1. Read through the labelled values [x] 56, 23, 15; [y] 34, 18, 14; [z] 32, 19, 14 and report the label of the one computed as semi-axes √(5λ) of the Cα gyration tensor in Å from the structure.
2. Determine, for each peptide in 65-78, 179-192, the mean count of other beta carbons within 10 angstrom over its residues, then list the peptides with the highest first.
3. All other residues with a Cβ under 11 Å from the Cβ of Ala33 taken together, and with Lys, Arg as +1 and Asp, Glu as -1, what is their net charge?
4. Percent of Cα-Cα pairs more than 12 Å apart in the range 146-207, please.
Amino acid sequence: MHIRTIIADDHPIILHGARVVLENAHIDVVGEASGGTHLLALLDRQPCDVVLTDLTMPGKGPDGPELLDCIRVAHPCLPLVVLTGTASPTVLITLLRCGVHGALDKAADFDELAQAVRSAAAGQTYVSQHLRSHLEARDLAHRATPASLSQGERDVLEGLGRGMNLSMIAQQRGRSPKTVSRQKSDAMRKLGLTGNHELHAFLRTYPIKGSRPS
């Protein structure tokens, strides 16, 4: 099967590496984009069979779920394979519920990249081995979603997503720093996030809305 792919990432070295891997696997790369606006414009003029895109390309047009929504509206039948820098099961579950055909972490093997594109072109879903192992290890496929957070936990995550530290959040919300720290830890546990890197990657992709401060 002859497969035409467009790839999008805001890091030139990843664009180059993805092109080399796919072309070595006899998959044609018919276009490259460095951001959401560029990708949407390219899709309007260049036919392809699969889009391989980074999930977060900040500062260059639509990003994250907003970009995926824009692509689905304009090209509803076009399979999407998403690269993500986080192994959070919650992010993965949300992506799959959004209808993407593939999800790969950036530590995935080269062979998995080509396999994900081929699977998407055939109408199948592919999840990289590393991401699958995170799902299986934490058994979060049916229980860890942002909806499971308490209001206090949502308030803390909203503040963190806005660049506030825990002391600032505690002062704004009228809570003790110990309470805010515990709510942050509880939220991360529910979402399957193992460190601040995964937490901030999650909040960039899926901003949490808290209650209005009193």
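A short reminder: the numbers here are calculations on the coordinates, not readings from a lab. Please read these numbers as outputs of a predicted model, since none were measured by experiment. In this analysis, Cβ positions are derived from the backbone assuming ideal geometry, glycine residues included, and neighbour counts consider all displayed protein chains.
1. Looking at semi-axes √(5λ) of the Cα gyration tensor in Å for this model, the match is [y].
2. Values: 65-78: 14.6, 179-192: 18.9.
Going from most to least packed, we get 179-192, 65-78.
3. Numbers: positive: Lys60; negative: Asp9, Asp10, Glu32, Asp54.
The answer is -3.
4. Details: 1193 of 1891 pairs.
Tail of P(r) above 12 Å: 63 percent of Cα pairs.
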